Amino acid sequence: MSEYNGEIKKMMIILSKATLDSVYAAFVLANGARMEGIESEMFFTFFGLEALHKEKMEDLHVATVGNPAMHMPTMLGGLPGMEALATHMMKKEMDKLDLPGVKEFVEILSASGVKIWACRLAMDMFHYKKEDLAPELDGVLTVGDFYQRAQGLGTHMLFI
């Protein structure tokens with residue numbers, strides 16, 4: 001057996017939140033892995049499934065309450081319109097960088113070879129059907145199935 005040199009061969013990214021910042025962080029990391037020739041798979045669980053839901057994917061928001069990176073008191077973040085304002089400002093900055101929308105980004109990820117999986121438990125919990133999600137979905141897996149896909153030296157798992 002040859003000695004493992006620490007090379008990253010596969011990124012397994014688990015997305016559990018559908019806030020705009022979490023979704024784009026996961027998408028950029030998966031896309032970056034593919035651009036570096038690293039195999040990449042994404043597992044969408046719990047609220048992360050909204051990033052794949054056909055009716056919800058283009059209406060994601062920035063969380064203003066309980067988000068220390070917003071640098072505002074929680075009470076202020078909860079005021080009516082603050083979440084919409086923060087989301088609008090972030091989308092405006094993303095447009096300046098020519099970042100694709102969520103739907104288009106999912107298409108790009110799939111076309112680049114990123115495997116896109118939905119969590120069976122979360123699908124059942126939210127009563128989602130495969131048809132509710134983006135057509136780029138590669139399938140619905142249990143957590144055990146996802147772990148089986150993560151086997152091998154050089155696999156890194158990231159939870160967002």
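Residues in the stretch 95-129 that are more than 14 Å from the chain's Cα centre (by Cα) and of a type in the set (A, V, I, L, M): 7 in all.
How about the stretch 10-49: which of its residues are part of a strand (DSSP E or B) and either of a type outside the set (D, E, K, R) or in contact with a Pro (Cβ under 6 Å, 6 or more places away or on another chain) (or both)?
First, the residues of the stretch 10-49 that are part of a strand (DSSP E or B): 10-15, 39-44.
Passing the criteria: MET11, MET12, ILE13, ILE14, LEU15, SER40, MET42, PHE43, PHE44.
Filter the stretch 150-160 down to residues that are assigned to a strand (DSSP E or B) and under 17 Å from the mean Cα position of the chain (by Cα) and give me whichever is surrounded by the fewest Cβ atoms within 10 Å (Cβ to Cβ).
PHE159
Got at least one residue in the stretch 50-61 being in a helix (DSSP H, G or I), modelled with pLDDT of 85 or more and either closer than 25 Å to PHE159 by Cβ or among the aliphatic types (A, V, I, L, M) (or both)? Walk me through how you get there before you give the answer.
First, pick out the residues of the stretch 50-61 that are in a helix (DSSP H, G or I): 50-51.
Going one step further and asking which of them are modelled with pLDDT of 85 or more, we end up with 50-51.
Those still in the list that are either closer than 25 Å to PHE159 by Cβ or among the aliphatic types (A, V, I, L, M) (or both) too: 50-51.
Taking every residue of the stretch 50-61 in turn, at least one turns out to be in a helix (DSSP H, G or I), modelled with pLDDT of 85 or more and either closer than 25 Å to PHE159 by Cβ or among the aliphatic types (A, V, I, L, M) (or both).
The residue that is nearest to ASP145 (Cα to Cα), counting only those in the stretch 9-29 that are touching an Asp or Glu at 6+ places or on another chain (Cβ under 8 Å) and modelled with pLDDT of 95 or more, is MET12. Within the stretch 32-47, take every residue that is within 20 Å of GLN148 (Cβ to Cβ) and either more than 14 Å from the chain's Cα centre (by Cα) or not assigned by TED's automatic domain parsing to the domain that holds ALA18 (or both) and give me the one that is surrounded by the fewest Cβ atoms within 10 Å (Cβ to Cβ). This residue is ILE38.
For the stretch 109-149, the set of residues classified as among the β-branched types (Val, Ile, Thr), crowded, with 18+ Cβ neighbours inside 10 Å and outside any strand (DSSP E or B) consists of VAL114 only.
The values are calculated or read from the model by the stated rules, or taken from the named source; none is laboratory data. Every value quoted in this text rests on a predicted model; they were computed, and no experiment measured them. Neighbour counts are summed over all protein chains in view; Cβ atoms, including those assigned to glycine, are modelled from backbone coordinates with ideal geometry.
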